[in-house]
Every structure is written in C-alpha cells, then in structure tokens.
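Below are the structure tokens for one structure; questions will follow.
Please treat every number below as a calculation from the coordinates, not as lab data. Keep in mind that what you see is a predicted model, and the values were worked out from it rather than measured. Here the Cβ positions follow ideal geometry from the backbone for every residue, glycine too, while neighbour counts run over all protein chains shown.
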Amino acid sequence: MVGGDRLACSREPLMDVRYALNPVGSLVGRHVLVVEDDKDARDVFCAMLDYEGAMVLGTASAEEALAILRTVRPHVIVTDIMLPGHDGFWLLEQLRGSQRTQMIPVVAVTAVVAREEILDAGFDAYVAKPVRPEGVVDAVLAALALRSHPDDPPPD
C-alpha cells in the first residue's frame, strides 16, 4: 500500500492478455459446435470451451448437428461417438462428404472406441472419457492446428 491506497486486482483471468501473448493457443473468437447427447457432459464441454473464449453451440444428435451446419460453419466440431440415431462416425462421414464441411476439424469424444480406430476413421483429435478438464480444450487446439490456416474464411 502506498499512501493508504489499495490496488484492486480482479480474480478473473486476463484472457485477452494471455491470448495476445499466445495467439496459437487461443480459442477466443473461435466457433465450436459440440455434439453430445448427455446434457450434463455437453454443458461441461460447452462451459470449458466458453471459458477459453470460444463461441459455443451445443446439440444432442448428429442429425441436429447437420441441421445447424446448414446455416452455421464452425471452426471446429466436438462430437461424442455414441449418439442416439446416427453415431459420430456417421456424422464424420457426412461432414467429409460435403464440400462445405469437409475441412472443418472434428474431435471425437468416447469412452468405448480405441484411439487408433478414431484417428484411422479420419477424426482430427481424440478425447477419452472420463474427460480431464483441459482435455477438450487441448484436443480442440490440436485439431485446429492440424487443419486451420491463418487465411481461413470466418464461419458464416
């Protein structure tokens, strides 16, 4: 204290400063679509990504994800493998088969499918359940690093 004045410090993280110093590891301004049928898990994934500065949409099925993708083009998609109706492998096949979505990085989240099978199928990254708090964020950053380019157009 100087002259009785106290400096007020926020306990909120200095996200803008952090990402200005490390733009490669930034999710600030990135659009992410989370496809997870378990509402609690979806909410946790969305909260983790939102905390890191991403703009997140969540949905419960592959079919709903495709409907969203008709009007929105995210920078990355995070999908559970075991979904009601069509699974995450089917969703990936649909994404890779469309010129509009074929280059979007896709992260698989699963408790039952082997990592090698996930990567061989064409997913860009993998997160095993139960998920560590930083696991989804790290996988999203890894997937973006593999497929993103500085001159990528922004999402629609």
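Quote the FRET efficiency, to the nearest 0.05, computed for A142 versus V28 with a Förster distance R0 of 22 Å and r equal to the Cβ-Cβ distance.
Working from the Cβ atoms, E equals 0.85.
Using modelled amide H (1.01 Å from N, peptide plane; none on Pro or chain starts), what sits under 5 Å from the amide H of V34, excluding residues fewer than 5 places away?
Under 5 Å from the amide H of V34: L57, G58, T59, V78.
Classify the range 28-147 as rounded, prolate or oblate, taking a ≥ b ≥ c as the square roots of the eigenvalues of its Cα gyration tensor: rounded when a/c is under 1.5, otherwise prolate if a/b is larger than b/c and oblate if not.
Details: a/c = 1.20, a/b = 1.06, b/c = 1.13.
Rounded.
What does the charge count near V137 come to, summing +1 for each Lys or Arg and -1 for each Asp or Glu among other residues with Cβ under 12 Å from its Cβ?
Value of the local net charge: -2.
Tell me, what ³J(HN,Hα) does each residue in the range 33-45 have, in order and in whole Hz, if you take phi through Karplus 6.51 cos²θ - 1.76 cosθ + 1.60 with θ = phi - 60° and put x for Gly and Pro?
For the range 33-45, the Karplus-derived couplings read 9, 9, 10, 8, 6, 7, 4, 4, 5, 4, 4, 5, 4 Hz, x marking Gly and Pro.
What is the magnitude of the charge dipole of the range 28-147 about its Cα centre, with +1 placed on the Cβ of each Lys and Arg, -1 on the Cβ of each Asp and Glu, and no other charges, expressed in debye to the nearest 20?
The dipole of the range 28-147 has a size of about 460 debye.
To continue, here is another question. Starting from the Cα gyration tensor of the range 51-104, take the square roots of the eigenvalues, sort them a ≥ b ≥ c, and report rounded, prolate or oblate (rounded when a/c is under 1.5, otherwise prolate if a/b is larger than b/c, else oblate).
Taking the square roots of the gyration eigenvalues as a ≥ b ≥ c, the range 51-104 is oblate.
Points 7 angstrom from Cα along the Cβ direction at D38 and E134: gap in nanometres?
2.2 nm
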